Ligand SMILES: NC(=O)c1ccc[n+]([C@@H]2O[C@H](COP(=O)([O-])OP(=O)(O)OC[C@H]3O[C@@H](n4cnc5c(N)ncnc54)[C@H](O)[C@@H]3O)[C@@H](O)[C@H]2O)c1
């Protein structure tokens, strides 16, 4: 079978990484077009991966079999809808949209088309550590899950730059992770911060699942010391913890410890490769795997409630409407 001809829209940190991974680590795909508002950047990455720069997102969509959206968050929903309307498979980086209304437009476009085309880039669903953590829930080893604790820290962050985008752009990973781990919807959320004025970073979310479990999630996007993602699942038969990667512990001159990286791309590179490979293979079969547009919309609904909770100091209910049959 011939390779999937892929376009990449947005060639910044994430888009360049995805383009390189597709070119070197996904045998079923080739990157044929790259678009970025920064045309020099698009040409540089296109040259690197053996493709050509595109003149516009529209021409890119017309010239490829499928495309990756890795441009800023506010561009995602329109590009995903354009992909659905053109009948092209889309791997849309998270979040699917900035607002739940915009994410709903993507769902509605797929429902109108009667087919799914969009996978949302919630890469943790492909991360071997997260898959193993989910296994400890589904195989029953931790028993009935009661509580989850999540930690998500960046050394610094150029895209989550205010109190709202921390929720809609960063904490949204946690919302999808918890929905996916427990295969359930988030029913309520409270978000608080020790920072009284200005950019509320860090933030602590308390979440309630429909099934009754409670979750805490700390997201701190300027934690300075490094990139650190951890989750603990606590059940009535035990606990399972996804620890940070600590390959080598050094004991030197009276000190012991391991290094902590600061680059999220490096940390999750294998999960991105597995995500892109699964997406390309599924696209060639005309299928969608991973997080759906519905999952993206559900995460955006939680984020919208989270922003309200943070702003108003309230506990907010998350009202998830009936799931269309397309996403059964
Ligand atoms: N899944 C993950 O783990 C993960 C991690 C980081 C970022 N992301 C997401 O990936 C996306 C890109 O993030 P990033 O860190 O690469 O940001 P970035 O700022 O490094 O790159 C964004 C790129 O998009 C280009 N651009 C700006 N406006 C554009 C437009 N209208 N059309 C096309 N290109 C445009 C910029 O020139 C830049 O090259 C964001 O949506 C972000 O939320 C996902």
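Of the residues 217, 62, 109, the one that moves most in a GNM of the chain with alpha-carbon contacts below 10 Å is 62.
Axis angle, to the nearest 10 degrees, between helix 100-113 and the longest C-alpha principal axis of the chain: 50 degrees. With the alpha-carbon atoms of the chain aligned to their principal axes, the span from lowest to highest coordinate is 57, 51, 44 Å, starting with the largest.
Packing-based ranking of 315-326, 43-54, 195-206 yields 43-54, 195-206, 315-326, ordered from highest to lowest mean Cβ neighbour count within 10 Å.
The peptide list 66-77, 81-92, 258-269, put in order of mean Cβ contacts within 10 Å with the highest first, becomes 66-77, 81-92, 258-269. Apply the a/c threshold of 1.5 to the C-alpha gyration tensor of the stretch 79-219 and tell me whether it is rounded, prolate or oblate. Oblate, because a/c is 1.5 or more while a/b does not exceed b/c. With the cut-off at 1.5 for a/c, could you classify the stretch 230-328 from its C-alpha gyration tensor as rounded, prolate or oblate? Oblate is the answer for the stretch 230-328, as a/c is 1.5 or above yet b/c matches or exceeds a/b. When DSSP beta bridges are restricted to pairs lying wholly in the chain, around 55% turn out antiparallel. Relative to the longest principal Cα axis of the chain, at what angle does helix 13-25 sit, 0 to 90 degrees, rounded to 10? Compared with the principal axis, the helix lies near 70 degrees.
Normalised size of the stretch 39-112, defined as Cα radius of gyration per 2.2 N^0.38 Å with N residues, equals 1.15. For the chain, the relative contact order works out to 21 percent when only alpha carbon pairs closer than 8 Å and six or more residues apart are counted.
The DSSP beta bridges internal to the stretch 115-220 are antiparallel in roughly 65% of cases. In terms of surrounding Cβ atoms within a 10 Å radius of their Cβ, 37, 14 rank from fewest to most as 37, 14. Helix 39-49 versus the longest principal axis of the chain: what is the Cα-based angle in degrees, 0 to 90, to the nearest 10? Computed tilt is about 90 degrees. In whole percent, what relative contact order does the stretch 209-328 give with Cα contacts below 8 Å and a gap of six or more residues? Relative contact order here is 14 percent. Normalised by the number of residues in the stretch 1-110, the average gap of Cα pairs under 8 Å and 6 or more apart makes the relative contact order 25 percent.
Laboratory data are not the source of any read-out in this text; all were calculated from the coordinates shown. Quick caveat, the model's predicted, so the values are computed rather than measured. A quick note on method: Cβ atoms are made from the backbone with ideal geometry, for glycine too, and the neighbour counts reach across all protein chains shown.
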